[in-house]
1. Identify, from the list B:GLY63, B:GLY33, the residue that is within 21 Å of the chain's Cα centre (by Cα) and either within 26 Å of B:VAL147 (Cβ to Cβ) or in a helix (DSSP H, G or I) (or both).
2. Quickly run through region A:102-126 and pick out the residues that are in contact with a Ser or Thr (Cβ under 9 Å, 6 or more places away or on another chain) and more than 14 Å from A:ILE146 (Cβ to Cβ).
3. From (1) closer than 30 Å to B:ASP166 by Cβ; (2) in contact with a strand residue (DSSP E or B) (Cβ under 7 Å, 6 or more places away or on another chain), pick out the condition that doesn't hold for B:PRO113.
4. Is region B:96-108 home to any residue that is free of Cβ contacts under 8 Å to residues at least 40 places away in the same chain, within 10 Å of another protein chain (Cβ to nearest Cβ), within 27 Å of A:HIS128 (Cβ to Cβ) and not β-branched (Val, Ile, Thr)?
5. Looking at (1) more than 26 Å from A:PHE35 (Cα to Cα); (2) within 12 Å of another protein chain (Cβ to nearest Cβ), can you tell me which one B:ASP124 breaks?
6. Give me the residue from region B:179-218 that is part of a helix (DSSP H, G or I) and basic (Lys, Arg) and, out of that set, surrounded by the most Cβ atoms within 10 Å (Cβ to Cβ).
7. Given the criteria farther than 19 Å from B:THR96 by Cα and either modelled with pLDDT of 95 or more or of a type outside the set (A, V, I, L, M, F, W, C) (or both), does A:ARG111 qualify?
Amino acid sequence: MKSLPALLPLILLLGSCDDMSHQPRYDSYEKSPLFADGKALQVPPEKTVARGDPARERELAERPEMSMALMERGRERFGIYCTPCHDEAGTGRGRVPARGFPAPPSFHIERLRDAPSRYFVDVITRGHGVMYSYADRVEPRDRWAIAAYVRALQLSQDAPASALSEDERRKLEGSGS
Amino acid sequence: MAQIFTASADMRLRAILLGILILLVCLATFVGGYAESSYGTLVGWVQDQPVPFSHEHHVAGLGIDCRYCHTSVETSAKAGLPATHICMSCHSQIWTGAAMLAPVRQSLAESKPLEWNRVARLPDYVYFDHSIHVTKGVPCVSCHGRVDQMPLMSRAKPFQMKFCLDCHRDPAPNLRPPDEMTRMDWTDWDRDPGAHKEYGALMAKTYGIEPAKLTQCNICHR
């Protein structure tokens with residue numbers, strides 16, 4: 001037992017093997033023997049409210065004002081989260097349905113043209129049919145942005161020719177023939 | 001009086017000194033060689049995973065954006081390992097019986113996370129934040145390589161300090177427009193390096209990026 005202190009430097013040497021690369025702290029996604037489920041990242045206890053939650057709920061309840069920035073954001077988020085199934089034009093012929101996922105309806109049908117923007121926000125929030133909820137991936141404000149972009153997509157396939165400018169109508173007539 | 005040193009003592013001393021020198025050089029070469037080798041940096045080494053997830057198939061084959069799964073990359077330090085729920089967004093309907101995906105289904109049923117092995121890991125003494133890099137124009141591909149060409153995931157760059165510093169010393173040429181952040185094969189600017197340089201300089205100014213500050217120790221070691 002007397003020789004134990006002499007071993008201390010050896011232990012210190014062993015410590016340096018790790019190079020401080022693994023420090024005694026928890027990083028996200030690491031294992032933890034401290035908790036029953038073995039995860040360092042714990043699910044918040046029931047009936048707790050995260051700091052940003054009230055603000056998030058307020059954003060979900062109220063439609064933000066339409067702006068070009070909102071539309072651009074919607075286009076980007078739609079590209080990330082929606083196009084795998086709904087495709088870029090919103091016709092529901094994305095690459096995932098092409099591999100066997102049940103095809104979603106096109107956005108360019110009567111029922112969805114008449115649906116309010118809130119309907120799209122609700123579907124993103126809660127899911128619909130085989131579509132999972134995207135509440136964990138798309139923030140409330142972004143859900144409204146996507147809804148706004150869906151409206152733009154719908155208009156792109158359903159605009160009366162009379163609403164076009166003189167110049168664009170000429171282009172349209174030129175390409176149609 | 002007898003001689004203390006034999007006639008050959010001088011020679012032996014020199015031989016020992018030379019031996020020590022050779023040993024030191026060998027040791028330094030070995031340590032340096034190890035640190036630079038892919039064995040040390042783990043570049044190109046595929047990690048064992050519970051499911052042989054193919055980024056090539058999902059990114060190049062299906063065109064799914066990085067952020068579909070790595071949801072927190074723009075808003076937090078961590079890019080985010082996808083929850084099983086995200087895998088099942090599609091795999092609740094396709095490849096539902098695939099043996100390869102059995103661990104994913106089991107993970108969902110038991111609500112136990114899949115135990116992925118880290119591929120791109122930084123040591124604990126390095127502070128790194130994904131969001132600041134991604135929102136200021138450093139694309140995914142710069143550090144993670146052509147993920148769309150990796151059927152099995154491996155580290156693409158040696159995450160040594162000089163790798164970080166190369167960019168921190170001169171960030172401008174590495175900045176991309178926000179739209180092209182997750183694009184893997186974006187080469188538009190290879191054709192026109194002039195435009196890239198101008199854009200980089202402009203964005204560095206706009207974002208307030210100061211290379212003098214970026215190379216301070218406490219930027220990454222805090």
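The values are calculated or read from the model by the stated rules, or taken from the named source; none is laboratory data. Everything numeric in this text was worked out from a predicted model, so none of it was measured. Cβ coordinates were reconstructed from backbone atoms using ideal geometry, including for glycine residues, and neighbour counts include every protein chain displayed.
1. After applying the criteria, what remains is B:GLY33.
2. Scanning region A:102-126 gives A:SER106, A:HIS108, A:ARG126.
3. (1) is the only condition that B:PRO113 fails.
4. No, the conditions are met nowhere in region B:96-108.
5. That leaves (1) as the condition not met.
6. So, considering only residues that are part of a helix (DSSP H, G or I) and basic (Lys, Arg), the one surrounded by the most Cβ atoms within 10 Å (Cβ to Cβ) is B:LYS197.
7. Here the answer is yes, as A:ARG111 does meet what is asked.
One line per residue, one yes/no per condition, for (1) under 22 Å from the mean Cα position of the chain (by Cα); (2) in a loop (DSSP other than H, G, I, E, B); (3) in contact (Cβ under 8 Å) with a residue 24 or more places away in the chain:
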{"residue": "B:GLY19", "(1), (2), (3)": "no, no, no"}
{"residue": "B:TYR39", "(1), (2), (3)": "yes, no, no"}
{"residue": "B:VAL59", "(1), (2), (3)": "yes, no, yes"}
{"residue": "B:ALA77", "(1), (2), (3)": "yes, yes, yes"}
{"residue": "B:PRO82", "(1), (2), (3)": "yes, yes, no"}
